[in-house]
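A quick write-up on the structure given underneath.
The values are calculated or read from the model by the stated rules, or taken from the named source; none is laboratory data. Computed from a predicted model, the values in this text were never measured in an experiment. Backbone-built Cβ (ideal geometry, glycine too); neighbour counts: all protein chains shown. In case anyone asks, the SASA skips ligands and DNA or RNA and just uses the protein heavy atoms, side chains included. Shrake-Rupley method; radii C 1.70, N 1.55, O 1.52, S 1.80 Å.
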Amino acid sequence: MPHPATYLFAGGGTGGHLFPGVAIAEEIQRREPDSRIVFAGCERELERTILARHPFHHRPLSVEPLRELIRNPLKFVTRNGSAWIAARRLLHAEQPRAVVGLGGYASAPLVWAASRRGIPVVLLEQNLIPGRATRWLSRSADMICASFDETKERLPKSANVAITGNPLRREITDYVPKHSTSLPCSHQILVLGGSQGADSLNDAVLAAMPLLGESRFPWSVIHQTGPRQLEAVRRSYEALSINAVVESFFEDMMARYQSVSLVISRAGATTLAELACCGLPMILLPYPHATD
């Protein structure tokens, strides 16, 4: 009797990278209920938090981003060297049917090692301009799943690019048919700075919040701050006497989408896809220092 297939998902660290992978993993398990799903990303607590909600295995690697090479070269070389060795061992132990690269520096060791072993590799790229990891690993991949046709022009001509759109989790897509024709009248605003938060967005929103006092509606706020400014933002809302639910990260994002009538957000690709799917009005503040 054949063993159930194993699929390895390489990368993570942020919701933008993880959530499309989770969407694909859910669909694999819907089609192959006996399949084994393993996420091998980094050691960030956010990654552990997101994956803890799903029946997937988590094998973090000790990868360090490129910026650490300048800050601490010895740490960068030592930890990433260990990550590359661990990636090869993981492939030997799991014998996956395929490896799915989620983008970001955390995907590199496993994707590269898989391509050297002849294991099928698929890369996900949500942004129109492909990230450094996608550009570097594109020649090692059997297929690159992109959201935009223009992405092809920014990758090697030999790359096999399929335009698939941005995969969304089932909890998002299942919501749409029942609620796409109407929006809640809750007078709640949802503020999102991405899974890691955005200090400048937090500051700008708080600076604008006194204007709510001029409205005839009793607005309330749901604010995802990221870990750095959590307590400071909470104190600011208390000082303004504004009813606000403030957390560093919301695990139950679908419940938040269902309860609000306006979203103020960073313009990450996965967040945009989710908001568009839910049909929510949005005010977007793109990150001005994003790569490319």
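Within region 209-239, the only residue that satisfies the criterion of being open to solvent by 50 Å² or more (accessible area, probe 1.4 Å), among the aliphatic types (A, V, I, L, M) and modelled with pLDDT of 90 or more is Ala239. Scanning region 18-54 for residues that are more than 26 Å from Ile85 (Cα to Cα), open to solvent by 40 Å² or more (accessible area, probe 1.4 Å) and assigned to a loop (DSSP other than H, G, I, E, B) yields Glu32, Pro33, Asp34, Arg53. Can you name the residue in region 249-260 that is in contact with a Ser or Thr (Cβ under 8 Å, 6 or more places away or on another chain) and either modelled with pLDDT of 90 or more or not small (Gly, Ala, Ser) (or both) and, of all such residues, is farthest from Ala208 (Cα to Cα)? It comes out as Glu251. Scan region 99-140 for residues that are under 16 Å from Ala162 (Cβ atoms), open to solvent by 20 Å² or more (accessible area, probe 1.4 Å) and in contact (Cβ under 8 Å) with a residue 40 or more places away in the chain and the total you get is 1.
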